[in-house]
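Only the coordinates and a few stated rules stand behind these numbers; no lab work does. The structure presented is a predicted model; accordingly, all values stated were derived computationally and were not measured. Cβ coordinates were reconstructed from backbone atoms using ideal geometry, including for glycine residues, and neighbour counts include every protein chain displayed.
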């Protein structure tokens, strides 16, 4: 990846469109016996060590990073993961690194035809150098309308996604080896919610996934949205996803603002999820402040302590 923020402006813009879409909708209507905990941060090589000191090393056992098609994982992130013996979650984004779903060069048909195979092979070979088996999460949140690989935009069809995912998996496994664990992870709800754009329409088959997951965020009481605790936020997605593939389930990315509610309490309630979701294997926190709100773990002393206590109980 070029020298820039690991979280590109495109990612922040996508979350903004996510919040906007949800607002419109609301206004109109690992280790056995433990859950791995991790973080996404914009500059992990600098911030992950500080987070580990302040909330405990268990909170950074997984480090999430976004990689644009054709790019590699930044070298300092590889060094961070290896130096801390952390698992790297590599989120592969079949796009140009900018926001917007209308990107013809990244239509699903082009993924299916192998136009990105060379870049995937380079990335797979790079992942062979990671100490711990990495998690590879390609083209996430496909059941939304804000990515070039989303099934309802960019002249895509949901049925094409499974073919594209299967090809990406085959190429990355061929280059990276069997130790790479490939995760299939839709958004916790489909946007738009309509027939033909349901979670199940994107499933590539149980043999083509090693891990499953979902992402979702509590944006708080703002813009027509309602405060939503973790269990109701993920319950339906967990049920549907694990019915398709009863494999380790990850909350692949989540976070909460404090807009209109108690953020520390929201964080604390994550510790109850292993009881609610028996296949839960990991939780990755979106540890960023952006225009959608302040999702940072260390926003206040209470949120910092809540995360430290939560992690100690689940991890």
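Summary of computed values
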| read-out | value |
| --- | --- |
| Which label in (1) 18.7, 54; (2) 17.9, 51; (3) 19.1, 60 gives the computed Rg and Dmax of the Cα atoms in Å | (2) |
| Label-reachable residues, the range 116-131, where backbone N falls under 20 Å from a point 7 Å from residue 178's Cα toward its Cβ | 124-131 |
| Per-residue [θ]222 nm for the chain (sum of -39500 (n - 2.57) over DSSP H runs n ≥ 4, rounded to 500) | -11500 deg cm²/dmol |
| Residue 47 paired with residue 291, simple spin-label distance in nm, labels 7 Å along Cα-to-beta-carbon | 1.8 nm |
| Global geometry of the range 152-221, whether rounded, prolate or oblate, following the gyration tensor of its Cα atoms and the 1.5 cut on a/c | oblate |
| Residue 85-residue 243 pseudo-label distance in nm [points 7 Å out on the Cα-to-Cβ vector] | 4.1 nm |
| Rounded FRET efficiency, nearest 0.05, which uses the C-beta distance separating residue 118 from residue 275 and R0 of 41 Å | 0.35 |
| Linear extension gain, residue 236 paired with residue 300, 0.36 nm per residue minus alpha-carbon span | 20.0 nm |
| Cα→Cβ-extended label distance, 7 Å offset, between residue 34 and residue 159, nm | 4.6 nm |
